[in-house]
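First the structure, in the form of structure tokens, and then the observations on it.
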Amino acid sequence: MKYPLRGYIFLVGTAFFTALSYVFGKAVNKDLNPETVIFFWFFGAFFFSIFAVMLIPSQRTELRYLRNYVTIFVLSSIVTAIGAALWIFSLRTIGPPLTSFLMKSQTLFSLLLGIMFLGERLNKGETIGIMLTIAGGVIVAYQEEGYLILGTFMALLSAFFYSLLSFLVKKFAQDLNMLTVANLRALGVAIVVFVYLIITERFQAPGLRDLVFMAFGGLTGAYIAKASQFQSIKLLDVSHSTAVMPLESLFVVLFSYFIFQDLPSVIKLIGGAGIIIGVVFLVIFRGEKADLEVSED
């Protein structure tokens, strides 16, 4: 199969566990600076990954080949550290639902990166999807207050860095073990951010409650969700693998409503729906195009 069902199952897992990470991220004390949150977030993910290495034989085997992971380890650590800090800032500023909607721009950014560097092509259906995504993004992004505009910009910038991460994984880690990639990424981000915190003297000691939230946020978002997405990248093209379908935003909206009683305005929900419909167009027509190419061959 050109696009196996298993790849989309990993995407569903990515959507669900990413949405859970939004809940944990929202619950963390806002007095903690984003850099400190990111450090404990990814250190928590790395802590849980140690158990995976001990329990899974294939993970222990990969320890012999760590030299093959150096490039993706360095690149993914730096790119993720930047994208995650921007995501935390946006999450705190404009809330989980709007941040989730805007993070769907990853699909658009990834498609453009795929066209530029991987030779992927654009068809008419994808053009419509891009237009819908941009239109929905404009509606969601429009804010009157200056601090909300900044939060919106941070979300879009975060989406770009995460799409760049997917591109780098596709480019440099296609033949590597994706769980190991996720393990090393968590460690690398923790190291990069810790060095930054020490140099800038911005390190803060969290309370036990926040420590638990950050640890489980790292487990669900930085580890399980990303490991699932990285695995999907091996099975799908870049634009498909970052789509995460509309499920993530649906999960985030539901969690936000039932846990935080936080629901965007109707116009923002319409804009978010526009983004999701645009993403669906990109995914559907990407698949149809690939099938046509196979049949022509």
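Which one is modelled with the lowest pLDDT, of the residues in region 58-67 that are of a type in the set (S, T, N, Q) and either within 30 Å of Ala205 (Cα to Cα) or surrounded by fewer than 16 Cβ atoms within 10 Å (Cβ to Cβ) (or both)? Among those that are of a type in the set (S, T, N, Q) and either within 30 Å of Ala205 (Cα to Cα) or surrounded by fewer than 16 Cβ atoms within 10 Å (Cβ to Cβ) (or both), it is Ser58.
Hey, among Thr14, Thr71, Thr18, Thr36, which residue is surrounded by fewer than 19 Cβ atoms within 10 Å (Cβ to Cβ), among the polar types (S, T, N, Q) and part of a helix (DSSP H, G or I)? Working first, answer last.
Values: Thr14 fails: surrounded by fewer than 19 Cβ atoms within 10 Å (Cβ to Cβ); Thr18 fails: surrounded by fewer than 19 Cβ atoms within 10 Å (Cβ to Cβ); Thr36 fails: surrounded by fewer than 19 Cβ atoms within 10 Å (Cβ to Cβ).
After applying the criteria, what remains is Thr71.
Of all residues in region 92-121, those satisfying the criterion of being more than 13 Å from the chain's Cα centre (by Cα) and under 18 Å from Leu148 (Cα atoms) are Arg92, Thr93, Ile94, Gly95, Pro96, Pro97, Leu98.
What about Ile78, is it within 22 Å of Leu184 (Cβ to Cβ), in contact with a Pro (Cβ under 6 Å, 6 or more places away or on another chain) and in contact (Cβ under 8 Å) with a residue 12 or more places away in the chain? Against the criterion (within 22 Å of Leu184 (Cβ to Cβ), in contact with a Pro (Cβ under 6 Å, 6 or more places away or on another chain) and in contact (Cβ under 8 Å) with a residue 12 or more places away in the chain), Ile78 does not qualify.
So that you can scan it fast, the table gives a plain yes or no per residue for (1) among the polar types (S, T, N, Q); (2) assigned to a helix (DSSP H, G or I); (3) closer than 28 Å to Ile94 by Cβ:
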site: Phe153; (1), (2), (3): no, yes, yes
site: Ala159; (1), (2), (3): no, yes, yes
site: Asp175; (1), (2), (3): no, no, no
site: Leu179; (1), (2), (3): no, yes, no
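Tell me, yes or no, whether region 45-57 has at least one residue that is buried (at least 18 other Cβ atoms within 10 Å of the Cβ), outside any loop (DSSP other than H, G, I, E, B) and at pLDDT 90 or above. Yes, some residue in region 45-57 is buried (at least 18 other Cβ atoms within 10 Å of the Cβ), outside any loop (DSSP other than H, G, I, E, B) and at pLDDT 90 or above.
Against the condition modelled with pLDDT under 75, closer than 23 Å to Ser110 by Cβ and either touching a Leu at 6+ places or on another chain (Cβ under 9 Å) or surrounded by fewer than 17 Cβ atoms within 10 Å (Cβ to Cβ) (or both), how does Ile276 come out, does it pass? Yes. In region 103-123, what residues are among the charged types (D, E, K, R) and at pLDDT below 70? Once the filter is applied, which keeps residues that are among the charged types (D, E, K, R) and at pLDDT below 70, region 103-123 yields Glu120, Arg121. Just one residue in the set Ser249, Ser239, Ser228 is over 15 Å from Val23 (Cβ atoms), hydroxyl-bearing (Ser, Thr, Tyr) and at pLDDT 75 or above; that residue is Ser228. Yes or no: Ser77 modelled with pLDDT of 85 or more, assigned to a helix (DSSP H, G or I), of a type in the set (S, T, N, Q) and closer than 22 Å to Ala159 by Cα? Yes.
The values are calculated or read from the model by the stated rules, or taken from the named source; none is laboratory data. Since the model is a prediction, treat every value here as computed from it, not as a measurement. Heads up, the Cβs are rebuilt from the backbone with ideal geometry, glycines too, and the neighbour counts pull from every protein chain shown.
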